[in-house]
Structure formats: structure tokens, C-alpha cells
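Encoded as C-alpha cells, the structure appears first; notes follow it.
Bear in mind that the values in this text are calculations on the coordinates, not laboratory data. Because the structure is predicted, anything quoted here is derived from the model rather than measured. Note that each Cβ is placed from the backbone with ideal geometry, even for glycine, and that neighbours are counted across all protein chains shown.
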Ligand code: BJ8
């Protein structure tokens, strides 16, 4: 990597902390990703993006900023990238996938807060996240109680914060609320840029994001082959990078990778052996660099064939209808697309369990591993009904509850190995 010390200093990062984070991250990446066998050549691009995630990509964002674009950071797949792009801004997902500065975090948050929330507080307090620091606006959403209440504190730590209220059910009034919130978000973006979003801007924003989602859907479909042409770890990595990379370039690279995977499928070549146990992973989002549970699963010889997660199918499936010829019609289409997201903060949330069943069937999975982050009430509560409903249908389920620490690795491996043996 080139020397980015000046850029990191200008962004206000704590260089010692940041060096420690990068060293850790680099080591984990080498041992988890680069040690895999039979990786498609197209993964080279995604390895490169990861190696430059705090370097070249941040430089690009700063160049965009100099050219007048605003950078919008967000934590949730309910924040529509279509609207951000239509406003002439760039969207970045703020990762929250590793523990950092835990002692500092526990001075401002209760200990029994989920790792994901603690993680973004740790990145902020430890001054190690260039994406957070480069963002002109950070959007927080009222989803689970943990995020909603912690944003009251977090919003005081950043210069420009926008709170988005989200519905908790799928009633007509709830849809009205979502539309109201998206209109308020549009107004905020327009105020920041000093420009109104036009019909063509929004059409273009929708087209760019639809193309990205179509490429990711193509990748998902290719994983239904036996043997699957790509490991679950690599597919997860691509889904994680979807939140950081330039969307047009990313789409091109995913499609190029899919061309290669199509050939591998024709030649019956896979990331793992034919008939390897096939697993769908379902539950809390896995933000970069949270690779712990997938690494444990694939170390057993099993292959992950789908992620029912916001960093995966829940976040990326369904495109937006771009056929309306008024701004209001297009905003309605955006609302309709996002209103389908079956996050566990919604109640009731029967669609999610149906979606998991459908994914298990379409991917020919032998079992589902439900991944719940400790203290995440929405997903852990739902995991009981997910298990009951799927097992009634003959699908084996393993419920895991964990955090970002490495302390339970032994116990996790034992449980996952035992599960993989019986499926
Ligand atoms: S749409 S899943 S990205 S809210 S793990 S912080 S739920 S206590 S992240 Fe999410 Fe949007 Fe829903 Fe998706 Fe709370 Fe659970 Fe922590 Fe969580």
C-alpha cells in the first residue's frame, strides 16, 4: 500500500490505533481468505479492494469530495442508495464488524449491548474508521432499541447526523411513515447539495442500484450449483464490499466474476468437493471484518450457499420499479422496494421465516445455521420460531449466539462440526 499517513492524519485518525487495527485485519484476512483453495481468479479484484479499503478507496472518496460530491455514511439497508446517488452524493456503509476500544465503549454504553453497536462506538472513540471520518453526513435509523437509543449518544459525537424513523410493522400507516421519512431524507440531501433531485437523476440512481442488485442476484444463483463454484466466505466478502466500492465499477467486476463462475459450473469445478454439506446462514448482519462464524463453518468442509442477512439476500434482493414518469411515482417505487425488507425489528415478521425456507429450498441446503449476536433481542427472539417452523418442514437448524470475541471459538467449532456431521 502507498503511504497514506498524511491523509489519515488529515482525517483525524489515531495513527497508533489505526496501525494496530490494520495489522490485525491484514493477519485475519491472510489466514481466512488467502489460505482458501480453488478461488476464482476474479476474486483478485476484491482482494485488491480489501487491501486498499483504508487507502485508495478513501483517496477516491476525498477526490469526489473535492469535486463537490457529499459522502453519506449509513448503518442500515433501509437507507436507500438510489436517493443518495440521485442527489449526486456517494453512499458508504459504515462497518461495525470488530471489537475496538471496548473499555472506552463501556464507559458510554451498557455492557449488555450487542457487538455491532459497540463496534461502531469503538471505531469512533478509537478514531480508526476513515469512512466515518470522511462522511459529510451520517444517517442513523430507529430500528432496534439498542441502535435507536445509542444514536442519541452517537449523534453527539459526529458533526452532522440525520435520524431516520422506521416503521415497526407492515400496516398502511407504516408505509406512510416510511415515505414521509424518505421525503425528509431527500430534503436533507437537497439542502446539503443545494440542488433538487430531478426525474432523470432518480431514474439513473435506481438504474445503477438495480444493476448492482441484479449482479449480486446472478452471483447468488450460481451458488445453487453442486459443487458451488465459490466459497461462502468469498461470496460474503463481495456482499460486504458492495457497501464500500464505487457501485458501477463493483457491478462490472461482479458480472465478470459471474462469467468465470459460469464456466466453472460447466466444468463441474467447485470451491469445495461435490456433495459437500450445504448450509444457509441466517440472522444478524455480518459487517466487515466479521468473518468468524463463516470461517468456522467452512473449516469443517461445508460450503455456505446463501446468507439470509442484510449483508446478503435480505439487503440486496428485489429491485426498484423504474417505470413511473413522475418523481413522486419513483419515490413510491423506492418505498415499495424497501418496505419489503423483512428485518426482525418488524412484528409480526412471518415473511422472514418464509424467505429462509425458500432460500434453503432454492439453494438445496442441507441445513440452516441461525446466527444471533449476543444481546440482539430481535434476531435471537425470532430464532426460536425460525427453528420451530423450519424443523417442522424437515430442515435442520442450529441456533448460535455469539459476539465478536475469539473466546468461544472452541465451543463454536465443536457445535458446528457436530451439526455438519448430521445434516
Ligand atoms: S434492516 S438487520 S441493517 S436494523 S444486531 S444493532 S438488530 S441488537 S443490525 Fe440491521 Fe437495518 Fe434490520 Fe438490517 Fe440491533 Fe440486533 Fe444489534 Fe442489529
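Determine the relative contact order of the chain: mean sequence separation of Cα pairs under 8 Å and six or more apart, normalised by residue count, in whole percent. Display every interim value, and only then the final one.
Numbers: 650 pairs, mean separation 73.4, N = 423.
RCO, the chain: 17 percent.
Express the Stokes-Einstein translational diffusion coefficient of the chain in µm² s⁻¹, to the nearest whole number, given a Kirkwood radius over alpha-carbon pairs, 20 °C and a viscosity of 1.002 mPa s.
It diffuses with D of about 98 µm²/s by this estimate.
With no solvent and one point on each alpha carbon, what is the Debye value of log10 I(q)/I(0) for the stretch 233-277 at q = 0.22, 0.24 Å⁻¹?
Result of the Debye calculation: -0.83, -0.91.
Over the stretch 176-321, what relative contact order in percent results from Cα pairs under 8 Å that are six or more residues apart?
The normalised contact order for the stretch 176-321 reaches 29 percent.
Between the stretch 347-421 and the stretch 59-138, what's the alpha-carbon centroid distance in Å?
Centre-to-centre distance over Cα atoms comes out at 28 Å.
Most exposed first by the Cβ proxy, i.e. fewest other Cβ within 10 Å, how do 414, 320, 208 rank?
Values: 414 11, 320 21, 208 18.
Sorted ascending by nearby Cβ count, the order is 414, 208, 320.
Based only on Cα atoms, what mean projected area does the convex hull of the stretch 184-228 have, in nm²?
Average of the hull's projected areas for the stretch 184-228 equals 4.2 nm².
List, largest first, the extents of the alpha carbons of the stretch 134-273 along their principal axes, each in whole Å.
So the extents along the principal axes, rounded to whole Å, are 53, 37, 37.
Along Cα→Cβ, 7 Å out, is where each label goes; now give me the distance between the ones at residue 246 and residue 160 in nm to one decimal.
Distance between label points: 2.2 nm.
Please report Rg (one decimal) and Dmax (integer) in Å for the Cα set of the stretch 1-143.
Computed over the Cα atoms of the stretch 1-143, radius of gyration and Dmax are 16.2, 46 Å.
For the stretch 360-423, what ratio Rg/Rh do Cα atoms give with a Kirkwood hydrodynamic radius? Walk me through the intermediate numbers first.
Details: Rg = 12.4 Å, Rh = 12.6 Å.
We get a ratio of 0.98 for the stretch 360-423.
Give me 375, 419, 120 sorted ascending by neighbouring Cβ count inside 10 Å, so fewest comes first.
The order, fewest Cβ neighbours first, is 375, 419, 120.
Please grab the % of Cα pairs in the stretch 257-318 that end up more than 18 Å from each other.
47 percent
On full extension of the chain, what length is gained from residue 204 through residue 1, given 0.36 nm per residue of separation minus the C-alpha to C-alpha distance? Before the final figure, lay out each step's value.
Working: separation 203, 0.36 × 203 = 73.08 nm, distance 3.38 nm.
Taking residue 204 through residue 1 to full extension adds about 69.7 nm, to one decimal.
Let me see the pair-distance distribution of the stretch 212-370: every alpha carbon pair, 10 Å bin width, integer percents in order.
Calculated P(r), rounded to whole percents: 11, 37, 36, 13, 3, 0.
Given 10 °C and 1.306 mPa s, how large is the Stokes-Einstein diffusion coefficient of the stretch 159-205 in µm²/s, with Rh as the Kirkwood radius over Cα pairs?
Numbers: Rh = 12.2 Å.
Calculated translational D: 130 µm²/s.
Please report the projected area of the stretch 65-181's Cα convex hull averaged over all directions, in nm².
7.7 nm²
What value, in deg cm²/dmol to 500, does the helix sum -39500 (n - 2.57) over DSSP H runs of n ≥ 4 give at 222 nm once divided by the residues of the chain? Write out the running numbers ahead of the final one.
On the way: 19 runs with 224 residues, N = 423.
Calculated at 222 nm, the ellipticity per residue is -16500 deg cm²/dmol.
Once Rh for the stretch 287-423 is found with the Kirkwood sum over Cα pairs, what is the Stokes-Einstein diffusion coefficient at 4 °C and 1.567 mPa s, in µm²/s? Walk me through the intermediate numbers first.
Working: Rh = 16.5 Å.
The calculation lands on 78 µm²/s.
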